Structures are given as C-alpha cells and as structure tokens.
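These notes are about the structure you will find just below.
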Amino acid sequence: MNTVAVQGAGPTIEQLTLLLNNVSHAVLFESPQHEILFINNNFCELFGIPVGPELLMGTNCSQAAEQSASLFMDPDGFVKGIRKVYTEGKPVSNEELVMHNGRSVYRDYKPIRTETGLSGHLWIYKYTQELRAILQEVQTQKNFYEKLLNNIPADIAIFNSRHQYVFINKVAIPKEDLREWLIGKDDFDYCRLRNKPDNLARCRREYFHESLKSGDMVEFEEENPSAEGKKVHNLRRFYPLKEEDGTIQNVIGYGINITRIRERENHMKQQEQALRDLVDSMDQLVVVVEESGSIVYANPRWCDLLWKPGPADPEKKLASYLHKGKEAFVKQLQHFFEKPVQQHRHARVSLVPEDGKEHILSYYIASFTNLQEGPKRLAIFFTDITGQLKAEKELRKMAKEERNLNQLKSNFLSMVSHELRTPLSIILSSAELLEMFAGTSDGQKGKLVQTYTGRIVQQVDKMTQLISEFLFLSKVEAGKVPYHPQPVNLVVFLQKLLDDMYRPWRDGRAVDFSVKGEGQLVMGDELMLTHAFSNLLNNAFKYSPGQPSPKIRLAFYKKSWEVLIADQGIGIQPGQLKKLFQPFTRGANVGTIEGSGFGLNIVKIFVKMHKGKIKVRSSEGKGTAIQVSFPCKRT
Amino acid sequence: MEKILIIEDEGIIRQSLSEMLGFFNYEVICAADGKAGLAAARSASPDLILCDVMMPEMDGFSVLKELRKNTGKITPFVFLTAKVQSDDISKGKQLGADAYLFKPCKTTDLLKTIREVLDKNKQEA
C-alpha cells in the first residue's frame, strides 16, 4: 500500500471511509504516537469493540491492543508481536494469529512513510475463509514440494546468486537445526563450522561461478570420505534458473551418490584387466579382427612370433601376414562374420615373420556373440605347431628307420642262418661218412675216430639248435610270431606235455604235477604255452642235477590261473635275478650246464602276450621257484 | 639202381651228397640250378629228386611247380634246404613235396626219408 492522497482532486475523506468500511479486512491506521487515525467496522467486529469506529478515533491504540490481547490464544505473543513490529519498523505479512473462538486471522503491518518521515502504522487483519483456504493451499503445496525434495534420493539445494543456501533437503543435511543454520550461509561457513579445510568449498565455488557465467548446467564429480572413512563418489550439478529477463536469481544444486556405480565400474575394470592379463599371458597368439580384417588387438605373442617389437599395425590386415592356407583362412573369417558359431574345428595356416622362418599355426575362430553394439569382431586363437610337426616328422622318420633296421636285422639273421647251415651240412655229412668208414676198421684207431666224429656230429647238432633258437628269438622280438588264442583245457594240455617230455626226463627223473582248484577252459596259444613251459621245465631239470624231481603245480583262482615250477637246484645268485630275462644272459654259477642264454627272454615275451606276469624266487644252492600267473579269460 | 637227381647250386653240397648217396648204391645225377634241374628231371627220368630251395633264377618251389604241371608220371620230390621257416615248409608241402628236410640233415635221416618216399611211390604205382 503506497502513500495515501488526502488532498487535491482525489477522493474525499467520507469516500475513503466508505471504501475502507467495505473492504473485507479489518483495518486500523494509527499515528506514530499510537493514536487511532482510522478504524473500520470489521476491525471493531473482529476485536469485539462494542462502539462504532467514529468513537475510537483519537484513542490510544496501545492500550486498546493490550486490552484486546486476551482475545487471542497467545496474548503475550500478540502484544510482543506488536512491540517487535514497532521496534523493527519492517513490514510484516500474513502473520497468523489464533483467537480463542477458533478463528485464525492473518495480520499485515506496514509502516507508512512520507517525505517528512513516518506518517503512521497501518494494520490489516485478514480473516476470510477464502484467504485461509488459499494460504492453507499454499502451505500444503509448500509441504508437498518440501516432502518431495526431502524424499528424492539426492542432495538437493537451492542457492541464491551469491552461492548462499536458500533451501537444502534432508538427504543433504539430515539434522534440521543444521539445515536451518545453513540458510543464508555458504559452504565456506559450513567448512569453518566443521573445522574442515575449505578446498571442497573452493572447488564447488568454481563450478558455481562457471554455471552462472555460462548460464548452462555444469557437472562435476566429488570424492569425499564418509564418516566410516570409506570413499564416497558424488556426481554434482549446478543448474541455473533463468528469470524472464535473463538474469539468474537462483541456482539448483543436486548431487547423486554414484559410489556403487564407481565401485562396480572399478570391479569391472579390474576384471577386464585380469582377463586381459590372462590373454596376454597365454601361450597362444590371440588376435581380434574386425570385419575388414584389420587387427583390433593382438596379445604379446604377436611380437614373439613375428619378431616385431610393439603392437600390431591396425592399418595392416591380418591376412597380409599369412602365407600357405591364407585363402581358406580369409574364407573362414568371412563365413564367421556372416554366420557366427561358437566353435570351429582347428585348421592350419602358415606365417612367415621377419626372420624368414616359416611357422605353421593351428587356429580356431570364436565370435563375440554378446556384442550387440559396435562393429562385429572375431577372436582367432593361433597355436604354433611348427615344433610339434617337426617332432612328429622326426618320430615318423625314426620309426621308419627302426622298421628298416628291424627288417635289416631280420634279413641278416635269416641270411646268416641260411648261410651257416650249408657249411654245417658239409661238416655233418663228412663226419658221418668218416664215422661210417671208421666203423669198418678194427682196433683202437677205429674207436678213436668214432669218438672224434661223434663229437663233431654232436657239436654240429648244437650249432644247428643254436641257429634255430636264435632265428626264433629274432622272429619273436620282431613280433612275427603271431598270438593265436584258442580254448585250452590246461589240465589236459599240461598232462600231455609232461607225459611226452618229462615222464621221464633224459636223466630218468619224472616231474611231480599237482592241480589246485577247479579245472576250466581258458584262452591261450598252445604253441607259445608249450614253448614257455618246456623252457621252464627244462631249466628246472637242467639246473638241479642229482636233486629230487622238480615240481609243477597248476592252480585255478576266481580271476586268474597260475603255474608254479620249483626245483631244488643250484638257484640264482641275488645279483643275477634282475637280468634273468634279458637275452644272452646266464648265471655265473651255471658251470658246465649248457644253455643258449635267451630261453627265458622268449618265455617272458610269450607270457606277456597272454597278459601274464612272472615272479621268481630263488636261493643260491637251494633252488628256484618260478610262478607264472595269467588273468582268467574263461571261454 | 635207383636214380636220384640232385638239384643244388652249392658245388660242395652237390659233391658231398653225390659221394654219400653213391656210397649207398644210388645212381646220382646232378644239376647246378633250377633250369638245369628241370631239364634233367624231364630227360633223365630219375626215381627221386632231391632239391634245394634257394637257387638263383629258378628256385626249388618253381621247379616243383613246373614238374607238377605234367599230368604224366609224378616223380617223388624231396626238399633239402636251409629255409626252415614254417611258411616255407607249408608252401613246399602245398606244392606237392613228399618230404621237407632241413640242412644240416643227418645222413641216417636223409637215407631213411629217401627210402620211405621211394617205397611209398612204388606202392602207389
């Protein structure tokens, strides 16, 4: 309300009085000395003054106020409020006062000043329901927006153009008293209050000024320690509110806690780095290419393989480094880009690096099937198999050489055997003829000749036997004696063998045979078994001259069968046991007992062909027991 | 006298066998290789052929095979050889050899085998 014109061409006092009596508010105008200069009907009605306004003109307002205080719920407050207003001399609007009758009134005060100074005090009491409703609505709206702002999970503050807080929400500052204290203050005040360094305030001030200057939103990230000492990341923004005339009176500041997002990002970065380290440490060369064939990434094996320091040149296509198999490789890549599959069978390509040595690489292609955005990419895993191929080639060559050598050996033995037989034939036939001629002459000379020719014949027999065995051993070692298993009745088989050859043996002893367990048919090669058991029995007899007969025991078990051949002969020296089954080996204690030295070697091979095992127990001077056991393959 | 044809490339064996068989009243004719032996077998009509296996150009198996092609008189055939592998023995018998003896062969065994084969042939004739 401005200065009232009371003189000149304006309205008359009566007209003004009429006007003021018809407004819906209670109006009182007092002089600086607190004399009532004007009062309307509504005022009298509100305060329950029984007389008309005209009778109150010129009366003391202060006294009237004190008298009226009792109408209000807080009489002291009513009076103090008036005194405060007088003292401060500042306008007041919509000060709510509650009366005892339940009515609420809203009081406005305005000091009226003219050129000469204070003209008076204007009091307006508003109590219409409409105004109340409006004010309530405003309050409701205010509460609603304040609640909204307080419940948004972000720090929200509103600043004036001097970067002082006008509003701050609960999320930013939970304590109400601190929030109230901050209104009208800035971050520097806050830092002083908290006794903290003001670098945070300075940093925010800079961004604030930037937003004021540019008139645009400014965004920045803050990292602060929490009360528990953990790092808290906030994304902050200053959003200047432009008035219609383009000036900025207020700036909205808000911050969102992005600590978890940053933690997840860090975690993902760590995982990504771990994966990258893993790929970098792989023995394989890993290359990632785009659809154009350009290299996006290559792990450190790239430098090792290509003798190139530094990373792969992204301008150069991968195919340009390849040699044999390049066309097929390029086709495979194209096919994969069109129709990616998870796995691909290994193919080969060669690569010729700076040193000129060709490398053969085995590769397989994998696509990044989860990559929905960005260019398509493929990962190719290369394994350098150059060394492996070379080793395989060497092995094949060695195997071929060994086969050739074996064949050579076999041929040699065959030839030697054949060639030796011819001179032996001559020696034998000549000796026999001599023997025949010597038989026709009488006397000692004739007998002597017969003795000597007899020896020649005997030794030729031995040599022939030796050649046969030697040839047989070479055949067995070369794997040229095939294994033909048939169902064998072991009891019958052994009985026949023993009856044919060892009952009796040449020295008159007969072998002692026993059977343990229930006899059964088993799968075996009779020729091999005959050879093996004959050899063992021959040894048992040969190496126990003058001792009781050797024993042979056949035993049947659930999953195996065994033959035990035991003698009480010369036994085997402890140091000789390990070499027993090696060819051309004989015990040091055999003396004059004859033997070729490779019989047991053949026995071992035949037993092994039957998947059997041999165990030897022996004591020098006491005897030897050889146990041969076989898994039971029942028919 | 019964006639024996010896087909053997080793001269000393031919000589040794000739002397020995002669000593036991056999008439002996010799051939130094398979071809000559085949020709002698056809021309001389021996009662028995004693043949080596390993000979140059034409081995003993081939000689027997050729001889057995004739559908007329079948001369008894005995191998006397240093080839002692079981495959060789089987092959010899399959081709129709009456006996297969290994070198060095005892004189008694040789004479016994020759006698048995000759007697068997006479019986069959």
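Failed condition for residue A:589, given (1) more than 27 Å from residue A:481 (Cβ to Cβ); (2) surrounded by 14 or more Cβ atoms within 10 Å (Cβ to Cβ); (3) modelled with pLDDT of 85 or more, with all others met?
Failed condition: (3).
Go through the residues of the range B:71-82 one by one and say whether even a single one is within 13 Å of chain A (Cβ to nearest Cβ) and assigned to a loop (DSSP other than H, G, I, E, B).
The answer is yes; a qualifying residue exists.
Please go through the range A:458-515 and give me each residue that is touching an Asp or Glu at 6+ places or on another chain (Cβ under 9 Å) and open to solvent by 80 Å² or more (accessible area, probe 1.4 Å), ordered by number.
Within the range A:458-515, A:484, A:486 meet the criteria.
Consider the range A:458-480. How many of its residues are more than 10 Å from chain B (Cβ to nearest Cβ) and among the aliphatic types (A, V, I, L, M)?
Result for the range A:458-480: 4.
Kindly establish whether residue B:39 is more than 14 Å from every other protein chain (Cβ to nearest Cβ), open to solvent by 40 Å² or more (accessible area, probe 1.4 Å) and over 19 Å from residue B:122 (Cα atoms).
Here the answer is yes, as residue B:39 does meet what is asked.
If you take the residues of the range A:466-524 that are in a strand (DSSP E or B) and of a type in the set (A, V, I, L, M, F, W, C), which of them is farthest from residue A:536 (Cα to Cα)?
A:521
Out of A:543, A:483, A:502, which single residue is of a type outside the set (A, V, I, L, M) and in contact with a Gly (Cβ under 6 Å, 6 or more places away or on another chain)?
Unique residue meeting the criteria: A:543.
Considering only residues that are modelled with pLDDT of 85 or more and aliphatic (A, V, I, L, M), look in the range A:107-148 and name the one that is nearest to residue A:44 (Cα to Cα).
The residue in question is A:124.
Looking only at the range A:268-295, which residues are at pLDDT 90 or above, more than 25 Å from residue A:376 (Cβ to Cβ) and open to solvent by 100 Å² or more (accessible area, probe 1.4 Å)?
Passing the criteria: only A:270.
Does residue B:88 meet the test of being in contact with a Gly (Cβ under 9 Å, 6 or more places away or on another chain), in contact (Cβ under 8 Å) with a residue 12 or more places away in the chain and acidic (Asp, Glu)?
So residue B:88 does not fit the description; no.
Restricting attention to the range B:88-108, which residues are more than 10 Å from chain A (Cβ to nearest Cβ) and out of contact with any Ser or Thr (no Cβ under 7 Å at 6 or more places or on another chain)?
Within the range B:88-108, B:88, B:89, B:90, B:91, B:92, B:93, B:94, B:95, B:96, B:97, B:98, B:100 meet the criteria.
Every residue, every condition in (1) under 30 Å from residue A:322 (Cα atoms); (2) in contact (Cβ under 8 Å) with a residue 12 or more places away in the chain; (3) within 60 Å of the chain's Cα centre (by Cα); (4) part of a helix (DSSP H, G or I), yes or no:
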{"position": "A:400", "(1), (2), (3), (4)": "no, no, yes, yes"}
{"position": "A:411", "(1), (2), (3), (4)": "no, no, no, yes"}
{"position": "A:420", "(1), (2), (3), (4)": "no, yes, no, yes"}
{"position": "A:435", "(1), (2), (3), (4)": "no, yes, no, yes"}
{"position": "A:456", "(1), (2), (3), (4)": "no, yes, no, yes"}
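Going through B:6, B:29 one at a time, which residue ends up being open to solvent by 20 Å² or more (accessible area, probe 1.4 Å), in contact with a helix residue (DSSP H, G or I) (Cβ under 8 Å, 6 or more places away or on another chain) and either more than 14 Å from chain A (Cβ to nearest Cβ) or not in a helix (DSSP H, G or I) (or both)?
Numbers: B:6 fails: open to solvent by 20 Å² or more (accessible area, probe 1.4 Å).
The match here is B:29.
Within the range A:70-82, identify whether any single residue is of a type outside the set (Phe, Trp, Tyr), touching a residue at least 40 places away in the same chain (Cβ under 8 Å) and surrounded by 12 or more Cβ atoms within 10 Å (Cβ to Cβ), and answer yes or no.
Scanning the range A:70-82 turns up no residue that is of a type outside the set (Phe, Trp, Tyr), touching a residue at least 40 places away in the same chain (Cβ under 8 Å) and surrounded by 12 or more Cβ atoms within 10 Å (Cβ to Cβ).
Modelled with pLDDT of 70 or more, among the basic types (Lys, Arg) and not in a helix (DSSP H, G or I): is that true of residue A:617 in this structure?
So residue A:617 fits the description; yes.
Test residue A:208 against the criterion of being surrounded by 11 or more Cβ atoms within 10 Å (Cβ to Cβ), under 15 Å from residue A:164 (Cα atoms) and of a type in the set (A, V, I, L, M, F, W, C), and give yes or no.
Answer is yes for this residue.
So, in the range A:418-440, exactly how many residues are open to solvent by less than 30 Å² (accessible area, probe 1.4 Å), more than 8 Å from every other protein chain (Cβ to nearest Cβ) and at pLDDT below 85?
1
State the number of residues belonging to the range A:12-33 that are assigned to a loop (DSSP other than H, G, I, E, B) and either modelled with pLDDT under 90 or farther than 17 Å from residue A:112 by Cβ (or both).
Total meeting the criteria: 4.
Among the residues of the range B:97-117, is any over 12 Å from the mean Cα position of the chain (by Cα), open to solvent by 40 Å² or more (accessible area, probe 1.4 Å) and farther than 21 Å from residue A:429 by Cα?
No, every residue in the range B:97-117 fails to be over 12 Å from the mean Cα position of the chain (by Cα), open to solvent by 40 Å² or more (accessible area, probe 1.4 Å) and farther than 21 Å from residue A:429 by Cα.
Condition first: acidic (Asp, Glu) and free of Cβ contacts under 8 Å to residues at least 12 places away in the same chain. Can you find one or more residues in the range A:517-529 that meet it? It would help to see each step written out before you state the result.
Initially, the range A:517-529 is screened for residues acidic (Asp, Glu), giving A:518, A:525-526.
In the following step, the residues that additionally are free of Cβ contacts under 8 Å to residues at least 12 places away in the same chain were identified as none.
Checking the range A:517-529: not a single residue is acidic (Asp, Glu) and free of Cβ contacts under 8 Å to residues at least 12 places away in the same chain.
Scan the range B:25-76 for residues that are aromatic (Phe, Trp, Tyr) and free of Cβ contacts under 8 Å to residues at least 24 places away in the same chain and report the count.
Going through the range B:25-76 one residue at a time, the tally reaches 0.
Report, by residue number, each residue of the range A:121-179 that is in contact (Cβ under 8 Å) with a residue 24 or more places away in the chain and aromatic (Phe, Trp, Tyr).
Those that are in contact (Cβ under 8 Å) with a residue 24 or more places away in the chain and aromatic (Phe, Trp, Tyr): A:123, A:125, A:127, A:159.
Within the range B:17-26, work out how many residues are in contact with a helix residue (DSSP H, G or I) (Cβ under 7 Å, 6 or more places away or on another chain) and away from chain A (no Cβ under 14 Å).
Matching residues across the range B:17-26 total 0.
May I ask you to list the residues in the range A:441-451 that are out of contact with any Ser or Thr (no Cβ under 9 Å at 6 or more places or on another chain) and surrounded by 14 or more Cβ atoms within 10 Å (Cβ to Cβ)? Write out each step before concluding.
The first filter runs over the range A:441-451 and keeps only residues out of contact with any Ser or Thr (no Cβ under 9 Å at 6 or more places or on another chain), leaving A:441-445, A:447-448, A:450-451.
Result: A:450, single match.
The values are calculated or read from the model by the stated rules, or taken from the named source; none is laboratory data. For clarity, every value in this text was computed on a predicted model and none was experimentally measured. Glycine also receives a Cβ, built like all others from the backbone with ideal geometry; neighbour counts cover every protein chain displayed. Surface accessibility is based on the protein's heavy atoms, side chains included, excluding ligands, DNA and RNA. Shrake-Rupley method; radii C 1.70, N 1.55, O 1.52, S 1.80 Å.
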